[in-house]
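Scroll down for the structure; my scribbles are underneath it.
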Amino acid sequence: MIQISPDTAAERLMRYVRIDTQSDPNSNSHPTTEKQKDLSKLLFTELRGMGLTQVETDEYGYVYATIPSNSKKTNIPAICFCAHVDTAPDCSGTNVKPIYHRYYDGKDITLPDDETQVLRMSDSPYLKQQLNHGIITASGTTLLGGDDKAGVTVIMEAIMYLMQYPSVKHGTIKILFTPDEEVGKGTAKVNLQKLGAQFGYTMDGGEAGSLEDETFSADGATITIHGVIAHPGYAKDKMVNALKIAGAVLDALPKKEFSPETTVGREGFVHPVAVNGIAEKATIQFIVRDFTVSGLEEHHRRLQQIAARVVANYPGATMQYEIQEQYRNMKEVLDNHPQVVAYAEEAIQRAGLAVKKESIRGGTDGSRLSYMGLPCPNIFTGMQNIHSKLEWISDKDMAKAAETIVHLCMVWEEKS
Ligand SMILES: [Zn+2]
């Protein structure tokens, strides 16, 4: 029986969330904010303190660590657990004051620093499963930062357990803490060679038991419209205004489907994100999303057709359609290594939970890592209402996530 204390996990999380590690989408440096390194340095020190000898942190704010194998078997793949140290720029992460509500009784929780912030079971039905357990919130003016300090916490708790109980057999375990995940740069400076893992798991998911092995596949698309320019005073029957054509293209997009605001579940979409231009030339940038590459191709074909039909109404105008590949559904990689997801399911069950397989309508660092050669599904931590002042997390869910990590290390050892 693997048992990790919810109290200890909560205390650890509260220590980490007090450190401001917000990343910055407008910065071009790595890490995007220096303060992220404050947590990386603390993790470095704590890992050393737990007796790990192979620990490194670098100028970019990554932390790499290794727990050597203690098994006689020599064919166990090196498995990595990964979490991000930064918090989202959407909501303040300065002076986070975590509050531990030790025995949640189901009543509304008014956050003390802003009484308009009230956590209610009716808005957050998952709270029903936390009655008489502990939950942690912020104080009303900031996010909590459980995304992804909960991931960091559960990995650290699992390492502590493995170091304390050497009778638990495992192969080589690699740890990776990354900066800048929230601004899409979490893998920008990662050194996978140095990491030396064959398979990985990001600890960055929500409800207890959830396991995400599927993300969107993503492209960008740019439509460039060339008009015909003339002196406005003498433009009759000559000028063709590219800006007006761009407006007509946007208006011609389907209004009841094909967009983020009209799709859910496994449906993909096309979404204009920027329009730029002058009368002579205009560009419209889109993001295009689907769970399959064939779906993406179909969306591109359709979008290009809609635009071409509009542009054809303006003699003299021309258009170009360009595609930028962004990231791909991690499932395409994971399907080649079915044991990665299967072992995670087994570990979640051994921790006493039901597995909830989910798809992410977005990308994760795991999707990028999967395509960089480290197949990497995403495992729950318990975090809820992320990127908001009403963020909360249950101590019990974090403990279960840490137990799942320990079980997962054991499953890989047994089955290799
Ligand atoms: Zn996250």
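The values are calculated or read from the model by the stated rules, or taken from the named source; none is laboratory data. Quick caveat, the model's predicted, so the values are computed rather than measured. Every residue, glycine as well, gets a Cβ built from its backbone with ideal geometry; the counts of neighbours run over all protein chains shown.
Do we have K72 as surrounded by 14 or more Cβ atoms within 10 Å (Cβ to Cβ) and among the charged types (D, E, K, R) here? No, not satisfied.
The set of residues in segment 154-185 being more than 16 Å from the ligand (Cβ to nearest atom) and among the basic types (K, R) consists of K169, K174.
With respect to the stated conditions, F258 is farther than 30 Å from S23 by Cα, more than 16 Å from the ligand (Cβ to nearest atom), in contact (Cβ under 8 Å) with a residue 12 or more places away in the chain and not hydroxyl-bearing (S, T, Y). When every residue of segment 37-51 is checked against the conditions, none turns out to be within 16 Å of the ligand (Cβ to nearest atom) and more than 30 Å from W412 (Cα to Cα).
The set of residues from segment 292-333 being under 23 Å from D251 (Cα atoms) and β-branched (V, I, T) comprises I306, V310, V311, T318, I323.
Quick one: how many residues across segment 186-205 are under 11 Å from the mean Cα position of the chain (by Cα) and more than 10 Å from the ligand (Cβ to nearest atom)? Explain how you work it out, then say what you get.
Here is the first cut: in segment 186-205, the ones under 11 Å from the mean Cα position of the chain (by Cα) are 186, 202-205.
Remaining after also requiring more than 10 Å from the ligand (Cβ to nearest atom): none.
Number of matching residues: 0.
Taking segment 90-127 as the range and being farther than 22 Å from L43 by Cα and within 18 Å of the chain's Cα centre (by Cα) as the test, the residues that pass are D90, C91. Among the criteria (1) of a type in the set (S, T, N, Q); (2) in a helix (DSSP H, G or I); (3) in contact with a helix residue (DSSP H, G or I) (Cβ under 6 Å, 6 or more places away or on another chain), the one Q193 does not fulfil is (3). Note on segment 266-298: residues that are touching a residue at least 40 places away in the same chain (Cβ under 8 Å) and not hydrophobic (A, V, I, L, M, F, W, C) total 11.
With respect to (1) in a loop (DSSP other than H, G, I, E, B); (2) more than 16 Å from the ligand (Cβ to nearest atom); (3) out of contact with any Pro (no Cβ under 9 Å at 6 or more places or on another chain), the lone exception for S139 is condition (3).
How many residues, within segment 272-299, are over 25 Å from the mean Cα position of the chain (by Cα) and among the small types (G, A, S)? Lay out the reasoning, then the answer.
The initial filter retains those residues of segment 272-299 that are over 25 Å from the mean Cα position of the chain (by Cα), namely 275-284, 298.
In the following step, the residues that additionally are among the small types (G, A, S) were identified as 277, 279, 282.
Of the residues in segment 272-299, 3 are over 25 Å from the mean Cα position of the chain (by Cα) and among the small types (G, A, S).
Is there a residue being touching a residue at least 40 places away in the same chain (Cβ under 8 Å), within 13 Å of the ligand (Cβ to nearest atom) and either hydrophobic (A, V, I, L, M, F, W, C) or outside any helix (DSSP H, G or I) (or both) anywhere in segment 340-361?
Yes, segment 340-361 contains at least one residue that is touching a residue at least 40 places away in the same chain (Cβ under 8 Å), within 13 Å of the ligand (Cβ to nearest atom) and either hydrophobic (A, V, I, L, M, F, W, C) or outside any helix (DSSP H, G or I) (or both).
Restricting attention to segment 201-218, the residues that are in a strand (DSSP E or B) and farther than 21 Å from S23 by Cβ total 7. Among the residues of segment 365-387, those identified as surrounded by 24 or more Cβ atoms within 10 Å (Cβ to Cβ), part of a loop (DSSP other than H, G, I, E, B) and within 13 Å of the ligand (Cβ to nearest atom) are T381, G382, M383.
Residue-level check: of (1) without any contact (Cβ under 8 Å) to a residue 40 or more places away in the chain; (2) more than 22 Å from G171 (Cα to Cα), H30 misses just (1). Scanning segment 116-136 for residues that are outside any helix (DSSP H, G or I) and either within 16 Å of the ligand (Cβ to nearest atom) or buried (at least 22 other Cβ atoms within 10 Å of the Cβ) (or both) yields a total of 3. Name, by its number, the condition in (1) away from the ligand (no atom under 16 Å from the Cβ); (2) assigned to a loop (DSSP other than H, G, I, E, B) that does not hold for G93. All conditions are met except number (1). Residues in segment 156-186 that are modelled with pLDDT under 95, part of a loop (DSSP other than H, G, I, E, B), buried (at least 20 other Cβ atoms within 10 Å of the Cβ) and out of contact with any strand residue (DSSP E or B) (no Cβ under 7 Å at 6 or more places or on another chain): K185 alone.
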